[in-house]
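Heads up, the thing below is written out as structure tokens.
The values are calculated or read from the model by the stated rules, or taken from the named source; none is laboratory data. The structure displayed is predicted, hence computed values, not measured ones. Here the Cβ positions follow ideal geometry from the backbone for every residue, glycine too, while neighbour counts run over all protein chains shown. For the accessible areas, the whole protein counts, side chains as well, though only heavy atoms, and no ligand, DNA or RNA atoms are used. Shrake-Rupley method; radii C 1.70, N 1.55, O 1.52, S 1.80 Å.
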There are 2 protein chains.
Amino acid sequence: MNGMSAYAALAEPHRRRILDLLRTGERPAGELVEHLDLSQPGVSKHLKVLREAGLVAVRTHGKQRVYSLRPEPLAEVAEWLEPYRMLWSQRLDALERHLEDNP
Amino acid sequence: MNGMSAYAALAEPHRRRILDLLRTGERPAGELVEHLDLSQPGVSKHLKVLREAGLVAVRTHGKQRVYSLRPEPLAEVAEWLEPYRMLWSQRLDALERHLEDNP
DNA sequence: CGTTCATATTGCCATACGGCTATATGAAGG
DNA sequence: CCTTCATATAGCCGTATGGCAATATGAACG
């Protein structure tokens, strides 16, 4: 199975949700299943994708597999987005100016 | 055909490249084809996806279809990323500290 | 109005994706 | 060891994706 880019990994809503859940701290896989309205194997599959994209890491603790966030690939995405930032803020500024002129 | 999320639209490298090309200004579709090592219909298909995701807009100018960037959906992605930012900078700070201590 | 140029759409194909159920694996505990 | 609990893998299926070649569309211009 070949690794997915961070971009592709983020395309799936359940996977973004998993990352959101891990943002507050590490969690065993089972806890993720509870929060996801998705079968256990389904979650496991998504976790594999996230692992291969380098977005999460696993640690074995007793019978549990504890997942934690690995945010570095997100930094790359954010970097790609950076040059666009001025474009949308330009637009928002224009909107603000428009609203000022037409209150 | 149903609209794709910005996240999903960004999953495809050619589509990110198209956005990068449009970042410097609007361009007719043909010009994008020249830059993309992809068939003309292929590019057209990706442009359709980007249109449906609200990431580009088209304007007809003579025989040409001129595409321009519409960055707002990217702002949404950036917003989602925001809470993660502190996590990877934390990590980088830790790295810096480590390097200071072990020069 | 018929042709030309630029682009979009269609049809087709192979492969990937995301979901499920059933089964395998592997650590703990008795 | 044998069982149990937690998770991963396998196998299967329907649909989506991304690519191409061929064709349709639509504006401009003679």
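Per-structure values
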item: Surface share of carbon and sulfur [accessible, 1.4 angstrom probe, percent] for chain B; result: 51 percent
item: Acute angle (nearest 10 degrees) that the helix A:72-101 long axis makes with the longest principal axis of chain A, alpha-carbon atoms; result: 30 degrees
item: Sum of side-chain charges, A:Ala78 neighbourhood, beta-carbon under 13 Å (Lys, Arg +1; Asp, Glu -1); result: -4
item: Selected from A:Pro71, A:Ala9, B:Gly42, residue furthest toward positive end of dipole (the protein assembly as shown; charges at beta carbon); result: B:Gly42
item: Shielding by partners - mean other protein chain Cβ count within 10 Å, residues of B:5-12; result: 6
item: Chain B: most fluctuating residue of B:Leu50, B:Leu87, B:Leu38 per GNM, C-alpha cutoff 10 Å; result: B:Leu87
item: Partner lysines for B:Lys48 [C-alpha distance under 24 Å; skip if fewer than 8 residues away on the same chain]; result: B:Lys63
item: Estimated [θ] at 222 nm from DSSP helical runs (n ≥ 4, -39500 (n - 2.57)) normalised by residues in the protein assembly as shown, nearest 500; result: -21000 deg cm²/dmol
item: Among A:His14, A:His46, A:His61, residue whose mean-square fluctuation peaks in a GNM of chain A (springs only between Cα atoms under 10 Å); result: A:His61
item: Residue of B:Arg15, B:Arg85, B:Arg65 that the Gaussian network model of chain B assigns the largest fluctuation, springs spanning Cα pairs under 10 Å; result: B:Arg85
item: Cubic angstrom per residue, convex hull over Cα atoms of segment B:6-101; result: 119 Å³
item: Candidates per GluC sites (Glu not before Pro) in segment A:18-62, loop by DSSP, up to 16 other Cβ within 10 Å; result: A:Glu26
item: Computed log₁₀ I(q)/I(0) - Debye formula, equal Cα scatterers, no solvent, the protein assembly as shown, q 0.07 Å⁻¹; result: -0.28
item: Residue-normalised accessible area of chain B, expressed per residue, 1.4 Å probe, Å²; result: 59 Å²
item: Distance between modelled label sites at A:Ser44 and B:Asp20, nm, 7 Å Cα→Cβ extension; result: 3.8 nm
item: Heavy-atom accessible surface that B and A bury in contact, both chains counted, 1.4 Å, Å² to 100; result: 2500 Å²
item: For residues of A:64-73, the mean tally of beta carbons on other chains within 10 Å; result: 2
